[in-house]
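See below for the structure under consideration.
The values are calculated or read from the model by the stated rules, or taken from the named source; none is laboratory data. The structure displayed is predicted, hence computed values, not measured ones. Backbone-built Cβ (ideal geometry, glycine too); neighbour counts: all protein chains shown.
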Amino acid sequence: MKPPTVQKTRSGGVVRALVCLLLALGTGAMLALSPDLTVPLVVLLLPGLVTLLIDRSPGLGLARAVLLFQAAAAIGPVQRAFYACAGLHGCMEQLCRPMTVLAVWLAAAAAWALTELVPVGLRVWQDARLRTRRTDLQARRAALVSEWGLDEAPAEPRRG
Amino acid sequence: MPPTLSTALPPIAGRFTVDPTKPLPDAGGGLPAFLAASPNAADGGHIAIAVARDASPRLDALHRIRDHIDNLMTPSGHGLGPAADGGEAYYIICTAPPGPLVSAVPQRWSEKALVEQVLKPTARTLLTLQSMRLTHRAIRPDNVFLEAPGQPITLGAAWTGPPAMLQPALFETPYSAMCAPVARGEGVIADDVYALGVLMLCLAIGKSPCAGMTDDEIIRAKLEYGSFVAVSRGLRMPGFLTDLLSGMLAEDPDHRPSPQLLLDPNAARARRVASSPPRRSHDPLTIGDMQVFDARTLAFAMFRSERRAVQALRNGAISDWLRRGLGNAGVAQQIEELARRRRSETRPDIRSDAKLVMWAIAVLDPRMPLCWRGLAVRPDGMEGLMAVAVQQDVRAVSIVYEIFAHDVLSVWLARGADGRTRPVPPAVTLCQSLVQSGLPDGMLRAFYLMNPLLPCADPALADRWVIDVPALLRALDDLAATAKEALINDGIAAFIAARCHNEWDRLFDPLLDQTGADLWQAEAKTLRQLQAIYRVGPLPQLAAWVVRRLRPGVESWRNRTTRQEMAARLQDLARAGDLRPMIDLVFDRERRQADEDGARSAIDEVAGIDAELAAIADNNLLRSRGMRHSSTTMVGGLGLSLLIVHLLGAVAP
C-alpha cells in the first residue's frame with residue numbers, strides 16, 4: 001500500500017472545509033426554521049461536530065463514525081421531543097437531560113473507542129496470521145533447500 | 001608369499017596341464033620349459049615352454065601348424081598356465097624332445113651320419129615348413145635333440161619368441177646377426193639352410209668353429225671373407241662336405257640349395273652358382289676403431305660408428321676411398337650424390353645425418369637391413385623390437401618412435417635400397433598411422449596390436465598374463481578390492497583400445513581423452529561397455545569399487561532423497577556384480593532431466609518464498625496504516641447500520 005501523497009492530503013482538506021461549510025449552512029438553515037429543536041440537537045451532537053473539525057483521518061472516517069453512532073443514539077430522544085416539546089426552553093429541558101446527553105455522548109465515545117481499538121485488534125490478528133504464514137514459508141524453504149541442496153543463505157529481506 | 005589367483009585356469013588346448021614345479025632344463029632351447037601332462041595317452045610326451053613377457057610368440061606358426069611334423073618339436077597348443085611363483089604364465093605346448101641335446105654328446109659326426117641323420121631329416125622338416133610359408137630360425141646345437149645314436153635329429157621349438165631371437169651370430173647370416181636379436185624377422189627358408197650348414201659344420205668338427213670370438217668379430221669376419229671362409233678357416237674337412245657347406249653358406253640366399261635339393265645331397269653339392277668375390281682394397285679405410293678393406297665391411301663399420309661415418313661421408317673420405325682404393329666409381333658417385341644432397345639441405349633436421357648413413361649403407365650393400373641410429377632391424381621384425389623397446393629399452397623406444405613417426409621404414413622399403421620396391425607390411429602401416437595419430441599412447445597401442453599374445457604391461461598386472469579384455473576385467477575385479485583411485489590408467493586404456501575390435505575402438509577414445517574430473521565417468525562407462533560386450537560374468541569386487549568411484553556421480557544428483565535411494569540401490573546392485581544397471585542408474589538421462597527440472601522448480605519456489613517473506617517484512621508499517629483506515633470504515637459502517645436500525649424503529653409503528 002502506497003503512503004498518502006501530498007496531493008491527497010490537500011484534497012482531503014478541501015473536502016473537510018466543504019463539509020464544514022455545508023454543515024454550517026445546514027445548521028444555520030435549521031436555526032432559522034426550527035431553532036427550538038436545532039439548539040438541543042447541536043448540544044447532543046457536539047462531540048461529533050467537534051470531531052468533524054479536528055479529524056485528520058482520510059475521508060473524515062473518525063468523525064463519520066462518531067456522528068453516525070451519535071445519530072443512532074439520538075434518534076429516539078429527538079423523535080419523542082419532536083412531538084412533545086415546544087419552544088427552546090421546553091425542548092432544551094426535554095432533550096438535554098443529563099442521561100440523554102450522557103447516552104448520546106457515550107455513543108460518541110464508543111465510536112471513538114471502537115475506531116481506536118479495532119485497528120489494534122486487527123493488527124494482533126494479522127500478526128498472528130502472518131507469523132503462522134512466515135513459519136510455514138520458512139519451514140517449506142528449509143525443506144526445499146535441504147532436499148535439493150540449494151544455497152542455504154536466504155535472500156536478505158528489506159526492512160521498511 | 002606368492003600371489004594367488006582368484007580363478008582356476010582351464011587346461012591348455014583343452015587337455016594339457018602344466019606343472020611348474022617340474023622344470024626341464026635344456027628342453028626349451030634357452031627358455032624355461034616344464035612338463036605338460038595330458039589325460040590322453042595318445043598325445044605322447046609334451047612340454048610347456050614359458051613365453052617371456054617381452055618376447056612375442058610366433059602366432060602365424062602356431063596357427064598354421066595343425067598336424068605333427070616329423071623331427072620337429074611341433075606346437076600342439078598355447079595358453080595360460082600356472083607360473084612357478086604362483087602367478088600366471090603363458091605356455092607354448094610342444095612335443096617333448098626325444099632325447100638329449102646334440103651339444104650334450106661331444107663327438108665328431110661322420111659324413112654319412114651328417115647326411116643321413118642331420119641333413120636329410122632336417123631338409124624334409126624344412127620342406128614341410130616351407131610348404132606352410134614358415135621358417136624355423138632356431139637351428140643351433142643347443143636346440144637340436146638326438147633320440148639315440150643312429151637316429152635322425154629333432155629340431156627344437158622355435159615358436160616361443162621372435163624368430164632367431166636366441167640364435168648366436170655364428171648361425172645367422174651377417175645381415176641377420178647384426179640386427180637386434182628380436183628384430184631379425186621371419187626371414188626365408190634359405191636362412192634355415194644357412195643355420196643347418198653351420199650346425200653340420202659344428203657337428204663335423206665336434207666344436208664351435210668360432211669359439212672365443214665376439215659377435216661383432218664373427219659378423220665382420222663373415223662380411224669380410226664370406227661366411228663359409230670365415231667359419232671354416234683352418235679346418236680340414238672332406239671335399240664332399242666342403243662343397244656342400246660352401247653352397248649352404250652362400251652369401252646370397254638365392255644361391256643356397258633349397259630344402260628340396262638338400263634331399264639329394266649329391267645334387268646339392270654339384271650345384272654351383274658363380275659369384276664374383278668382393279673387391280678388396282690394399283689400403284684400409286678407418287671408420288671409428290675399424291679398418292675396412294671392402295664395401296660390405298665399410299657398411300658394417302658405418303653402422304657401428306655412425307658419427308664417424310657422417311664425418312667421413314661429408315668430407316668425401318669414403319667416396320674417395322671407394323673410387324681410388326676400391327675402384328668402384330659407380331658406388332662412389334652414388335655416395336657423393338648422397339653427401340652433396342645432405343650438404344645442400346637448407347633446413348637440415350636432427351634426422352638428416354641418420355638418413356645419410358642409412359642410405360649410404362643401403363648403397364654400399366643392398367642386402368643390409370635397415371640401419372638407423374646404431375640399430376639394425378628387418379621390416380618384419382618391428383613387432384619384436386617394439387615389445388622389447390616398450391617394456392625395457394628407453395633408447396629403443398625413441399628409435400622405434402622415430403622410425404614410425406617419420407616414415408623411415410616405409411620410405412626405406414618403398415624407395416628400394418637395392419633398386420627393388422618392396423611392399424610395406426600392413427602391420428607397419430597400421431602402427432605408423434597410430435604413432436602418427438598424435439595419441440599420447442600411440443606407441444603402446446601399436447605394441448599391443450603387433451603382439452597379440454603379450455600381456456598387458458601395467459605393473460599392477462605383473463603377476464598375471466592378461467592378453468584380452470575378459471581377462472583384464474577379471475584381473476581388475478581382483479585389483480579392485482584394494483584399489484583406491486583410478487584402475488584404468490593410460491597403459492591399460494591403450495591395452496583396451498588395442499585389444500578391442502576396431503569397430504568398438506571409437507567407444508574407448510573418449511576414455512583416452514578424459515583427464516581429471518571426468519575420468520571417473522569415462523572409466524565407469526568403459527567398464528560397463530566392456531562387461532556387456534564381452535559377456536564377462538559377475539564382477540562383485542569391481543562393482544563395489546565402481547560404487548565408490550561413482551560417488552561423484554551420485555553426488556551430482558540434485559535431489560537428496562534420490563541420492564539416498566540411489567546409493568542404497570547401488571549397494572544392492574553391486575552385490576550382483578553387474579555393472580550395467582549400476583551405470584545406467586547413475587547416468588539415466590530421463591531421470592537426470594527430471595531431477596534438473598525438479599531442482600529448477602525448487603529454485604523458483606524458494607525465490608517465491610523469499611519474495612513473500614521480504615514482502616511480509618516490507619509491508620509491516622503500511623499494513624498498520626491501512627488497517628487504521630479500514631477499521632474507521634468498519635466502525636462507520638457499524639454506526640450507519642445502527643442508525644438505520646433506529647430510524648426503522650422510529651418510523652415503524
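Just a few scattered comments:
- Scanning segment B:89-128 for residues that are within 17 Å of B:Pro75 (Cβ to Cβ) and crowded, with 23+ Cβ neighbours inside 10 Å turns up B:Ala89, B:Tyr90, B:Tyr91, B:Ile92, B:Ile93, B:Cys94, B:Pro97, B:Thr125, B:Leu126.
- Enumeration of residues in segment B:22-47 that are out of contact with any strand residue (DSSP E or B) (no Cβ under 8 Å at 6 or more places or on another chain) and within 19 Å of B:Leu9 (Cβ to Cβ): B:Pro39, B:Asn40
- Every residue from segment B:51-101 that is over 30 Å from B:Pro459 (Cβ atoms) and aliphatic (A, V, I, L, M): B:Ala61, B:Ile65, B:Ile69, B:Leu72, B:Met73, B:Ala96, B:Leu101
- Odd one out for B:Lys525, checked against (1) modelled with pLDDT under 85; (2) of a type outside the set (S, T, N, Q); (3) not assigned by TED's automatic domain parsing to the domain that holds B:Thr482: (3)
- Some residue of segment A:91-99 being among the basic types (Lys, Arg), more than 8 Å from every other protein chain (Cβ to nearest Cβ) and either assigned to a helix (DSSP H, G or I) or touching a residue at least 40 places away in the same chain (Cβ under 8 Å) (or both): no
- Meets criteria (away from chain B (no Cβ under 14 Å), assigned to a helix (DSSP H, G or I), among the small types (Gly, Ala, Ser) and out of contact with any Pro (no Cβ under 9 Å at 6 or more places or on another chain)) for A:Ala65: no
- The listed residues are B:Arg220, B:Arg236, B:Arg184, and the only one of them that is among the basic types (Lys, Arg) and surrounded by fewer than 21 Cβ atoms within 10 Å (Cβ to Cβ) turns out to be B:Arg236.
- Screening segment B:1-60 for residues that are assigned to a loop (DSSP other than H, G, I, E, B), hydroxyl-bearing (Ser, Thr, Tyr) and in the same structural domain as B:Ala83 (by TED's automatic domain parsing) and picking the one that is modelled with the lowest pLDDT gives B:Ser38.
- Helices (runs of 4 or more DSSP H) enclosed by segment B:439-499 - at least 3 residues per element that are among the small types (Gly, Ala, Ser) and in contact (Cβ under 8 Å) with a residue 24 or more places away in the chain: B:490-499
- Some residue of segment B:311-321 being of a type in the set (S, T, N, Q), surrounded by fewer than 18 Cβ atoms within 10 Å (Cβ to Cβ) and assigned by TED's automatic domain parsing to the domain that holds B:Glu224: no
- Some residue of segment B:209-216 being among the hydroxyl-bearing types (Ser, Thr, Tyr) and not in a loop (DSSP other than H, G, I, E, B): no
- Residues of segment B:438-496 classified as in contact with a Leu (Cβ under 9 Å, 6 or more places away or on another chain), among the acidic types (Asp, Glu) and not assigned by TED's automatic domain parsing to the domain that holds B:Gln392, total: 4
- Among the residues of segment A:105-129, just one is within 8 Å of chain B (Cβ to nearest Cβ) and among the basic types (Lys, Arg), namely A:Arg123.
- Among the candidates B:Arg575, B:Arg580, B:Arg569, residue that is touching a residue at least 40 places away in the same chain (Cβ under 8 Å) and assigned by TED's automatic domain parsing to the domain that holds B:Asp477: B:Arg580
- For segment B:160-177, a residue qualifies if it is surrounded by fewer than 24 Cβ atoms within 10 Å (Cβ to Cβ) and of a type in the set (A, V, I, L, M, F, W, C), and the qualifying residues are B:Leu166, B:Ala169, B:Ala177.
- Any hit, segment B:398-407, residues being touching a residue at least 60 places away in the same chain (Cβ under 8 Å), surrounded by 18 or more Cβ atoms within 10 Å (Cβ to Cβ) and in contact with a Cys (Cβ under 9 Å, 6 or more places away or on another chain): no
- Residues being assigned to a helix (DSSP H, G or I), touching a residue at least 60 places away in the same chain (Cβ under 8 Å) and under 20 Å from B:Gly247 (Cβ atoms) - total across segment B:137-191: 7
- Every residue from segment A:75-90 that is more than 12 Å from chain B (Cβ to nearest Cβ) and either basic (Lys, Arg) or part of a loop (DSSP other than H, G, I, E, B) (or both): A:Cys85, A:Ala86
- In segment B:324-347, the count of residues that are among the charged types (D, E, K, R), touching a Pro at 6+ places or on another chain (Cβ under 8 Å) and more than 22 Å from B:His282 (Cβ to Cβ) is one or more.
- Test result for B:Asp584, within 46 Å of the chain's Cα centre (by Cα) and acidic (Asp, Glu): yes
- Odd one out for B:Trp520 among (1) modelled with pLDDT of 85 or more; (2) under 26 Å from B:Asp595 (Cβ atoms); (3) of a type outside the set (Gly, Ala, Ser): (1)
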